[in-house]
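Notes for the one structure printed next.
The values are calculated or read from the model by the stated rules, or taken from the named source; none is laboratory data. Since the structure is predicted, the reported quantities are computational estimates derived from the model, not experimental observations. Every residue, glycine as well, gets a Cβ built from its backbone with ideal geometry; the counts of neighbours run over all protein chains shown. Ligands, DNA and RNA are stripped out before the accessible areas are found, and what is left, the full protein with its side chains, is counted by its heavy atoms. Shrake-Rupley method; radii C 1.70, N 1.55, O 1.52, S 1.80 Å.
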Amino acid sequence: MAEHIDDGPDGAVLTYTTGHGVVRTLRARWIHDSRPPAAAPAARSALLQHFRGWFVHCERPSFDARTVELMDFRTAQPERGLSFGYVLPTSGHAALVEYTEFSRSPLTAAAYEDALRDYAGRVLGLGAFRVLGTEQGAIPMSGS
């Protein structure tokens with residue numbers, strides 16, 4: 001996790017903590033700090049684009065590895081906000097299946113799992129599959 005970035009005459013220094021709790025530094029000519037500000041500027045609204053995805057392997061061929069499904073709005077829409085799914089296939093049997101939502105706060109783990117089950121089953125009709133891994137994140141969005 002990035003802790004802080006210091007600018008200097010010969011470049012920048014990033015201080016970060018590894019997943020094992022070890023503090024390290026990285027020196028580079030340029031470092032782009034994409035962390036959101038601690039507080040939104042006055043008179044601005046803030047939303048999150050938050051998501052969870054499953055890396056799935058299906059028993060039967062379920063995907064065209066040459067075709068990506070982006071912004072599939074057949075997901076169940078939240079009461080407030082907007083959601084969509086997408087599918088990034090790696091073979092006829094395997095893909096990253098993602099549920100994405102725009103709202104003020106992320107969902108609980110159980111809510112993401114419910115949304116992914118609905119998308120994979122009701123919308124995509126995947127049938128039997130195994131979840132090989134997951135990914136999850138949130139990207140801050142803001143506007144004036």
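Could you check ARG80 against (1) exposed (fewer than 13 other Cβ atoms within 10 Å of the Cβ); (2) of a type outside the set (A, V, I, L, M, F, W, C); (3) assigned to a helix (DSSP H, G or I) and say which number it fails?
Result: ARG80 passes all but (3).
Can you name the number of the only condition in (1) open to solvent by less than 30 Å² (accessible area, probe 1.4 Å); (2) over 27 Å from MET141 (Cα atoms); (3) not hydrophobic (A, V, I, L, M, F, W, C) that ASP10 fails?
(1)
Does ARG60 satisfy the condition of being basic (Lys, Arg) and either at pLDDT below 95 or assigned to a strand (DSSP E or B) (or both)? Full working, then the answer.
Numbers: basic (Lys, Arg): yes; either at pLDDT below 95 or assigned to a strand (DSSP E or B) (or both): no.
The answer is no for ARG60.
Does SER144 satisfy being at pLDDT 95 or above, of a type in the set (Ser, Thr, Tyr) and over 20 Å from the mean Cα position of the chain (by Cα)? Give the derivation first.
Details: at pLDDT 95 or above: no; of a type in the set (Ser, Thr, Tyr): yes; over 20 Å from the mean Cα position of the chain (by Cα): yes.
When the stated conditions are applied, SER144 does not pass them.
Counting only residues that are within 13 Å of ALA138 (Cα to Cα) and either open to solvent by less than 60 Å² (accessible area, probe 1.4 Å) or among the basic types (Lys, Arg) (or both), which one in region 104-120 is modelled with the highest pLDDT?
Residue satisfying both the conditions and the ranking: TYR112.
List the pairs whose first member sits in region 120-143 and is touching a residue at least 60 places away in the same chain (Cβ under 8 Å) and under 19 Å from THR90 (Cα atoms), whose second member is among the charged types (D, E, K, R) and part of a loop (DSSP other than H, G, I, E, B), and whose Cβ atoms are under 8 Å apart, counting only residues at least 6 apart or on separate chains?
Within 8 Å, the pairs are GLY127/GLU59; GLY127/ARG60; ALA128/GLU59; ALA128/ARG60; PHE129/GLU59.
Please count how many residues of region 122-144 are open to solvent by 40 Å² or more (accessible area, probe 1.4 Å) and of a type in the set (Gly, Ala, Ser).
In the first step, residues of region 122-144 are kept if they are open to solvent by 40 Å² or more (accessible area, probe 1.4 Å); the result is 122, 124, 127-132, 134-136, 138-142, 144.
From the residues that got through so far, the ones that are of a type in the set (Gly, Ala, Ser) too are 127-128, 138, 142, 144.
Number satisfying all stated conditions: 5.
Hey, can you tell me all the residues within region 1-37 that are at pLDDT below 85 and part of a strand (DSSP E or B)?
Hits for region 1-37 are ALA2, GLY8.
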